[in-house]
Amino acid sequence: MLDPVYSQLLLPLIIALFLAINMGASGTAPSFSAAYGANLIPRSLIAGLFGIMVFIGAITIGKNVAITLGKGIIPSEFLTITLTSIILFSVALSLLFSNLIGIPQSTSQTTIFALSGAAMYHHALKTDILFFSIVPTWFILPVIAFIITYAVGKFIYTPMKKRSMFQFETIKDYNSMQALVIISSLYVSFAIGTNNVANASGPIASMIINELGISQNSENFKLIVILTTLIFAPAFGIGSSLLGRKVMHTSGKEIVEFGPLSAVAISFITATLLLTVSIVKGIPSSLVQLNMGAILAIGCAKYGWREIFRKKSVKKFWVIWIIAPIFAFFLTIFLAWIADLGGILHH
């Protein structure tokens, strides 16, 4: 028979897999919505390509973000089996709601809010990394993505509108341009792997070292992070296949019709920004919001600010982005309180 500790680990592992599946669905939108919106790749190929690139990104670069999430918000000694299960369940439920209504949600922000709720319940929130690194990055990076992409959009569209002999839509007839858009989508998927898989693997890795009595400063912690990454990264492709269609359609079709050059600009700019913070800072960031900032910038450059920001789908994004992380925060606190009353929070 299995040792009781190992048997108890199964529940948070199952919840984390469920979370990874939902993250895969949400992450499909920023990865392939540009190519999908430009009608350059069949939907049937997206899940497999997305899953492969996420796995490569997670296993090669994703360790730094996993360590930040594992011990940068709440001390790992508080991440018991029960509390870790509560945190992951709160995040997964929030993301499932977002996916079902077709709004791609920030997995990183929702995870950070859930971890913060758990830390505040224990009066153990690590504020230095949260308020001086993570939160500022959330606000700054989407603005940077918007500004850069808007400048590129104006450079692309304004000159082309003045050239009656050249129609922008004809670019999609070139095979080389289609290949470039697909490569850009793969690049985004890789960037997601370097950052977002950690939302599941980080808390699980800290829980395991806590339950097994391993020092969080040892090399064993890094090894456990790698092993948990190997488990959760493939689930992203499963989530993309099962739940990714609606969120991808919302991002790729309902906000603005993409051309190949704008698709490349969106993918390259957002993935590069996310990859940079993953490598340099190990900060969990939202590619969904980076991507949407870039999409809105292209839309503003092509159709005008008023036309884009009046769209109902855009307004729905703002509402869900605010509600989902706050929901995860308070749900974590509530469930921790219930578990504490039942005497199982520290198990």
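For segment 265-286, enumerate the residues that are hydroxyl-bearing (Ser, Thr, Tyr) and within 15 Å of Ser189 (Cβ to Cβ).
Ser267, Thr270, Thr272, Ser278 - these are the residues of segment 265-286 that are hydroxyl-bearing (Ser, Thr, Tyr) and within 15 Å of Ser189 (Cβ to Cβ).
Quick grid of which residues meet (1) within 14 Å of Phe329 (Cα to Cα); (2) in a helix (DSSP H, G or I); (3) among the hydrophobic types (A, V, I, L, M, F, W, C):
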| residue | (1), (2), (3) |
| --- | --- |
| Phe89 | yes, yes, yes |
| Leu96 | no, yes, yes |
| Asn99 | no, yes, no |
| Ser108 | yes, yes, no |
| Phe113 | yes, yes, yes |
| Ala119 | yes, yes, yes |
| Leu130 | no, yes, yes |
| Leu141 | no, yes, yes |
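Among all residue pairs at least 6 apart or on different chains, which show Cβ distances below 7 Å where the first residue, located in segment 133-146, is farther than 12 Å from Ser286 by Cβ and of a type in the set (Val, Ile, Thr) and the second is surrounded by 15 or more Cβ atoms within 10 Å (Cβ to Cβ) and at pLDDT 90 or above?
Pairs found: Ile144/Leu273.
Those residues that are surrounded by fewer than 24 Cβ atoms within 10 Å (Cβ to Cβ), touching a residue at least 40 places away in the same chain (Cβ under 8 Å) and hydrophobic (A, V, I, L, M, F, W, C), I need them from segment 42-78; list them, please.
Scanning segment 42-78 gives Ala47, Leu49, Ile52, Met53, Phe55, Ile56, Ile59, Ile61, Ile67, Phe78.
Can you spot a residue in segment 188-208 that is more than 19 Å from Ile61 (Cα to Cα) and not in a helix (DSSP H, G or I)?
no
Can you run down the residue pairs with Cβ atoms below 9 Å, 6 or more apart or on separate chains, where the first is in segment 289-303 and on the phi < 0 side of the Ramachandran plot and the partner is of a type in the set (Asp, Glu) and surrounded by fewer than 24 Cβ atoms within 10 Å (Cβ to Cβ)?
Gly299/Glu307; Cys300/Glu307; Lys302/Glu257
Tell me, yes or no, whether segment 98-119 has at least one residue that is surrounded by fewer than 18 Cβ atoms within 10 Å (Cβ to Cβ) and at pLDDT below 90.
Yes, the conditions are met somewhere in segment 98-119.
Quick one: what pairs do we get from segment 12-24, first residue surrounded by fewer than 22 Cβ atoms within 10 Å (Cβ to Cβ), second not basic (Lys, Arg), C-beta under 6 Å, 6+ apart or different chains?
Correct list of pairs: Leu17/Ala235; Phe18/Ala92.
Against the definition (within 24 Å of Ser98 (Cα to Cα) and either of a type in the set (S, T, N, Q) or at pLDDT 90 or above (or both)), how does Asn175 come out, yes or no?
Taking the combined requirement at face value, the residue does not satisfy it.
Output yes when any residue across segment 117-132 is under 30 Å from Gly299 (Cβ atoms) and touching a helix residue (DSSP H, G or I) at 6+ places or on another chain (Cβ under 6 Å), and no when none is.
Within segment 117-132 (the criterion being under 30 Å from Gly299 (Cβ atoms) and touching a helix residue (DSSP H, G or I) at 6+ places or on another chain (Cβ under 6 Å)), the answer is no, since none of the residues qualifies.
Limited to segment 242-290, what total is found for residues that are of a type in the set (Val, Ile, Thr), in a helix (DSSP H, G or I) and at pLDDT below 80?
4
If I ask for residues that are among the hydrophobic types (A, V, I, L, M, F, W, C) and without any contact (Cβ under 8 Å) to a residue 60 or more places away in the chain, which ones from segment 101-125 would you list?
If the condition is that a residue be among the hydrophobic types (A, V, I, L, M, F, W, C) and without any contact (Cβ under 8 Å) to a residue 60 or more places away in the chain, then Ala119, Ala124, Leu125 are the ones that fit.
Here's a check for you: in segment 294-319, which residue that is crowded, with 18+ Cβ neighbours inside 10 Å and closer than 23 Å to Met23 by Cβ is modelled with the lowest pLDDT?
The extreme case among them is Phe317.
The values are calculated or read from the model by the stated rules, or taken from the named source; none is laboratory data. Keep in mind the model is a prediction, meaning the values are calculated, not measured. No Cβ is skipped: glycine too gets one built from the backbone with ideal geometry, and neighbour counts run over all protein chains shown.
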